[in-house]
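Written below as structure tokens is the structure these notes are about.
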Amino acid sequence: MKSSKSTGPYSKNWEWSRNILRKNSGCCQPISPLIHAPAMNALPKTIDKLNVASEIGSVEVNGPPITKRSVEWLKENGKCLDNIKAGNSTIPEVGRGAFAKRFIPKGSIIAPGPLIHTPDRKIFEGEVGSQLIVNYCFGHKNSSLVLLSPYTHGVSYINHDSKSPNAVIQWANESFVGQNAEWLNYTVMELALMQKTGLSIDYIATRDIHAGDEVFMDYGKEWEEAWQEHVQTWKPQEDAGMYQHSSFFNKNESLVLKTEAEQEMDPYPANLHLQCLVEVIKLENWRDSSTESRDGLREYQDPHSKSDRKNCRIRALENVDGVLVYETIIIWGDNKEDTVDELPREAFVFTDKVKSTDQFLPNAFRHHLGMPDGMFPDAWMNL
């Protein structure tokens, strides 16, 4: 006789499953098949392979049989992936830039740039216009359907300089595994049928680049004219003066948090959430006011961490042994709330509300990068 009980996973397997998902949290998010098939091909196909990939890497699991070569072979046939690194740009207003990690002689490859081709740029259209990714894609004003996005380490940090660039892009040699020269003659509709990658560029040094030099390329006349027009016509939003980025509050460790009553008279900027770090509540020593313990809590405040955070409200604060602590209402969702006493300052972090940062402004700059004259194939021109 068959049992009427569920044949689902045993509880003893739950912790194992959580560990696998935690290790692979970056690759196990839902991926729309509309994005691109190659992204799916990079992921393990079975639970067994996922388990192995979490230990040795997905390349070892899904890659071709020969994935390891000698140093000598790589020097002759390979392309270096770490010639450049990110740093603060020498152009103050642009933020980050790409810098050479070692000497790169004129004419040599700075970095390869395998491309993801996107037949229909409309997938990048959002509520406030084009998405930020458009700024990192190559395109052409006479081609409405093709955008090419490079996915190589560091190249997205290469900034524009039309007067004195030291880098230029060109199509990769056909011997490179990611480049199929015949694709340059395909129409946009034919490219749409290619559910794999088959195009690649190289970033080439146009003069000797020394270690520490910033790498620049020319984004093209069309891009530069669009940027100049944007600068001349841009106007701040009506409520721009009220905006303050979350980092302004997070870097001030001595900031005393406001209670609910205080916020009624003096609220935080409307773009901010005050959130509580759930991991801190779970720590056995979170009430310990020793310096060593409190320094350890700060790792959870990293804005890039994946720590679990919940919106919260401060009900009251008090001084306990010389340390300010907070009576806090934790909002778990589904109208469920809990009150937690004596939370330390390190248990809180400010975050920006969804779509409240600069990149989501309706008048934010969006424009594809240009390719050198004659490089964009005629077969792709459909306007």
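Ranked by the mean number of other Cβ atoms within 10 Å per residue, highest first, peptides 88-96, 188-196 order as 188-196, 88-96. Sequence-ordered 3J(HN,Hα) estimates for region 69-76 from the Karplus curve with 6.51, -1.76 and 1.60 and θ = phi - 60° stand at 10, 6, 4, 4, 5, 5, 4, 7 Hz, glycine and proline given as x.
Taken one residue at a time, the phi angles of region 110-118 give Karplus couplings (6.51, -1.76, 1.60, θ = phi - 60°) of 6, 6, x, x, x, 10, 9, 8, 10 Hz. Gly and Pro are set to x. Considering only alpha-carbon pairs that sit under 8 angstrom and 6 or more positions apart, the relative contact order computed for region 67-182 is 25 percent. Here's the picture: charge each Lys and Arg Cβ at +1 and each Asp and Glu Cβ at -1 in region 86-163, and of Thr118, Leu147, Pro105 the one pushed furthest to the positive end of that dipole is Pro105. A probe of 1.4 angstrom, applied to the heavy atoms of all protein chains, finds Thr46 with accessible area near 70 square angstrom.
Shown are Trp234, Trp223, Trp183, whose ranking by accessible area with a 1.4 Å probe and every protein chain present, most to least, is Trp234, Trp223, Trp183. Rolling a 1.4 Å probe over the protein chains gives Val71 an accessible area of about 90 Å².
Oblate is the label for region 100-196. Its Cα gyration tensor axes, ordered a ≥ b ≥ c, give a/c of at least 1.5 and b/c at or above a/b.
The values are calculated or read from the model by the stated rules, or taken from the named source; none is laboratory data. The model shown is predicted, which means the values in this text are computed figures rather than measured ones. Reconstructed Cβ throughout: ideal geometry from the backbone, glycine too, with neighbour counts over all protein chains shown. Accessible surface is based on the protein model in full, side chains and every heavy atom, while ligands, DNA and RNA are left aside. Shrake-Rupley method; radii C 1.70, N 1.55, O 1.52, S 1.80 Å.
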